[in-house]
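Peer 1: After the structure tokens below, expect a handful of questions from me.
The values are calculated or read from the model by the stated rules, or taken from the named source; none is laboratory data. Quantities reported herein were computed from a predicted structural model and do not represent experimental measurements. In this analysis, Cβ positions are derived from the backbone assuming ideal geometry, glycine residues included, and neighbour counts consider all displayed protein chains. Protein only, heavy atoms only, side chains kept; ligands, DNA and RNA dropped before computing areas. Shrake-Rupley method; radii C 1.70, N 1.55, O 1.52, S 1.80 Å.
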Amino acid sequence: MICQKVKTSLPDLLLAPKSVSAEVRAHVESCAECRAELQSLEATMALMDEWKSPEVSPYFETRMAALLSEEQKASPAGWLERMRERFLFGNHMSMRPLAAAALALIVAVGGGTYAGFGGFSPKPPQAQASPVIKDLQSLDENAQVFQQLNSMDQDTGDNGGGSSL
Ligand SMILES: [Zn+2]
């Protein structure tokens, strides 16, 4: 009976040890089962802490800002129009930042969605590890897309300056 009560306080014991009663702490010290439970919870949390979202290249924002201001300078009145034209005619120079921005949004929204499902999943038994695994899987897919973006980058990066004159 006390084990059940103690187990509900285990997350508190990890996150806010001071909020947990001495009785609970003493029980965890002496009860192997509750201690094992605490350790597995700790390991899960450590795994979550280690997980990092993919880092955006330090040049990404600079490059994107430069591309956007280039578009705005080139045609202050109708740059949206121009971007749409370029988009339709398949010039990768303007598609690239759009695709990257869309991708960043998908990554952000996707990560939040997974975290949300993980927290409020109606099926806790198999949900314990799955949010992290799902994230790792989507991370893997995203890495592939990033690679594709990078190769687009290399294909079109060198002839960008020539089109303005
Ligand atoms: Zn116990």
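Peer 1: Name the residue that is nearest to the ligand (Cβ to nearest atom), counting only residues in the stretch 7-61 that are part of a loop (DSSP other than H, G, I, E, B) and more than 21 Å from Asp135 (Cβ to Cβ).
Peer 2: Cys31
Peer 1: Next question. Check Ser57 against each of (1) of a type in the set (S, T, N, Q); (2) open to solvent by less than 60 Å² (accessible area, probe 1.4 Å); (3) in contact (Cβ under 8 Å) with a residue 12 or more places away in the chain and name the one condition it does not meet.
Peer 2: Evaluating Ser57 over (1) of a type in the set (S, T, N, Q); (2) open to solvent by less than 60 Å² (accessible area, probe 1.4 Å); (3) in contact (Cβ under 8 Å) with a residue 12 or more places away in the chain leaves (3) as the failure.
Peer 1: How many residues are of a type in the set (Ser, Thr, Tyr) and at pLDDT below 70 when one looks only at the stretch 49-86?
Peer 2: Of the residues in the stretch 49-86, 2 are of a type in the set (Ser, Thr, Tyr) and at pLDDT below 70.
Here is a yes/no grid of residues against (1) open to solvent by 80 Å² or more (accessible area, probe 1.4 Å); (2) modelled with pLDDT of 85 or more; (3) basic (Lys, Arg):
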{"position": "Thr8", "(1), (2), (3)": "yes, yes, no"}
{"position": "Glu23", "(1), (2), (3)": "yes, yes, no"}
{"position": "Arg35", "(1), (2), (3)": "yes, yes, yes"}
{"position": "Leu41", "(1), (2), (3)": "no, yes, no"}
{"position": "Thr44", "(1), (2), (3)": "no, yes, no"}
{"position": "His92", "(1), (2), (3)": "no, no, no"}
{"position": "Ala104", "(1), (2), (3)": "no, no, no"}
